[in-house]
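The values are calculated or read from the model by the stated rules, or taken from the named source; none is laboratory data. All values reported here derive from a predicted model rather than from experimental measurement. Neighbour counts run over all protein chains shown; Cβ positions are idealised from the backbone, glycine included. For accessibility, only protein heavy atoms count, side chains too; no ligands or nucleic acids. Shrake-Rupley method; radii C 1.70, N 1.55, O 1.52, S 1.80 Å.
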Amino acid sequence: MLTSVYINDYKQNKSKFFTIIKTHLKGWSYNDWQVCGITKKNRKSYLSTREYCCLHPFNGNYSFWIDDKLTLKYILSGTKAGGYLPDYYYQIEDKILALPDLDKVVYELNAEGIAKLLEDKKTLAFKLVKGSLGVGFYKAQWNEEENLFYLNEQAFSRERFVKRIKELKGYIITEYLFPHKEFAKYCDKSVGCLRYTMGKMKRGEWREIISFMRIGTKKSKFVENYNRGGVLTFINNGNYQGGNIIGEDSKNIQIDKHPDNDIELKGSIPMWNEIVEVAHSVADTLPQLSYIGIDFCITNEDKIKIIEINSLTSLDVIETLHSIYSTSAGEFFKERLEKK
């Protein structure tokens, strides 16, 4: 994994060749080193990229249960946690398949059926089954007045839209989630993603590792990932204050206001206690897992939805402000490294 990260750092010309080499020889990806503010003096007090990678996969053979959005849908179906997943309508592979929430009487299993569904729902989400970091995501829309379809604001006639659908592969089509007003005030073009990360201690109890909110910007467009221009704000007992963005030199920059509209980044997470309850419900439903990062959306209808579950949260986010070892969550990683 570290070798893969090195190649990525080098290809993106993040720094001089020998600077990247020296950083990797110390056990760090260049991105983690820069974002976390690592130096020669403090590096040994942090969880390094090498150490973090050696613990992966945290969930062993069960990682695919949650890394694949479609598998997750079926595994949680019928459980309390499953009730918080968005509606799943279609899967696009070599054929177009019906997913559990599609009314097969009304909608055909072809590209025309997808177009009709979009006309009825007005907005849908197109996601890669195994995608991450917002890669490959499309916000699909139907504008009745213009008689046009849109994919991430690119206009299509019905004929061209149907043709484009036929070109896609490895996608699922789901309900589109709109952000709660608490986060839409900053950016209403992305869903506003809250991640609640938990780890299971040796004694069996789950411990919160870190919780944070990602907020979209003009730069991040339809996603809000920190590494793609979004704002990252950390949550403490259901409250957040201040944010973080990545500068051109890959270093973290702390901000007090949203970069697009100067609205102060400060507030409380709606329905926080229910979010924590749902996270523990997922953990109880999947006792085979030991490390999960659950991505939540709080919708404009005051509902909580699970967008996806990750088995490896980015290290730069975990240690953006300080070493994970300076928090109680550091015990989780120390236990795991002792096993190694």
* Conditions: (1) open to solvent by 50 Å² or more (accessible area, probe 1.4 Å); (2) assigned to a helix (DSSP H, G or I); (3) more than 19 Å from Leu337 (Cα to Cα). Arg50 meets all but one. Number of the miss? -> (3)
* Enumerate the strands (runs of 3 or more DSSP E) found wholly within the stretch 249-339, keeping only those where 1 or more residues are β-branched (Val, Ile, Thr). => 252-255, 291-298, 304-310
* Where residues in the stretch 223-248 are within 20 Å of Ser190 (Cβ to Cβ) and part of a loop (DSSP other than H, G, I, E, B), which of them is farthest from the chain's Cα centre (by Cα)? -> Gly242
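Counting only residues that are of a type outside the set (Ser, Thr, Tyr) and within 21 Å of Thr313 (Cβ to Cβ), how many does the stretch 180-203 have?
11
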* **Count of the stretch 151-172 residues which are of a type in the set (Val, Ile, Thr), closer than 15 Å to Leu128 by Cα and part of a helix (DSSP H, G or I)** => 1
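Residues are listed down the side, and each one gets a yes or a no for (1) surrounded by fewer than 17 Cβ atoms within 10 Å (Cβ to Cβ); (2) in contact (Cβ under 8 Å) with a residue 40 or more places away in the chain:
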site: Asn143; (1), (2): yes, no
site: Phe156; (1), (2): no, no
site: Leu177; (1), (2): no, yes
site: Val191; (1), (2): no, yes
site: Arg195; (1), (2): no, yes
site: Glu205; (1), (2): yes, no
site: Phe212; (1), (2): no, yes
* Structure fact -> For Lys218, the lone unmet condition from (1) under 17 Å from the mean Cα position of the chain (by Cα); (2) assigned to a loop (DSSP other than H, G, I, E, B) is (1)
* **the stretch 237-253, subset at pLDDT 95 or above and among the polar types (S, T, N, Q), residue least open to solvent (accessible area, probe 1.4 Å)** => Asn239
* Structure fact -> Checked Ile75, Ile20, Ile66, Ile7 against criteria (in a helix (DSSP H, G or I), surrounded by fewer than 16 Cβ atoms within 10 Å (Cβ to Cβ) and of a type in the set (Val, Ile, Thr)); the one match is Ile7
* To do: Within the stretch 78-100, count every residue that is more than 21 Å from Glu277 (Cβ to Cβ), part of a loop (DSSP other than H, G, I, E, B) and in contact (Cβ under 8 Å) with a residue 40 or more places away in the chain.
  => 4
* **Search result, residues across the stretch 177-215 that are part of a loop (DSSP other than H, G, I, E, B) and β-branched (Val, Ile, Thr)** => Val191
* Asked: Does the stretch 121-129 include one or more residues that are modelled with pLDDT under 95, farther than 26 Å from Thr217 by Cβ and either touching a helix residue (DSSP H, G or I) at 6+ places or on another chain (Cβ under 7 Å) or of a type in the set (Phe, Trp, Tyr) (or both)?
  -> yes
* Asked: If Asn31 satisfies every condition in (1) closer than 23 Å to Asp295 by Cα; (2) surrounded by fewer than 19 Cβ atoms within 10 Å (Cβ to Cβ); (3) under 21 Å from the mean Cα position of the chain (by Cα) but one, which is the exception?
  -> (2)
* For the stretch 113-121, state whether one or more residues are surrounded by fewer than 16 Cβ atoms within 10 Å (Cβ to Cβ), more than 30 Å from Ser281 (Cα to Cα), out of contact with any Phe, Trp or Tyr (no Cβ under 9 Å at 6 or more places or on another chain) and not hydroxyl-bearing (Ser, Thr, Tyr). => no
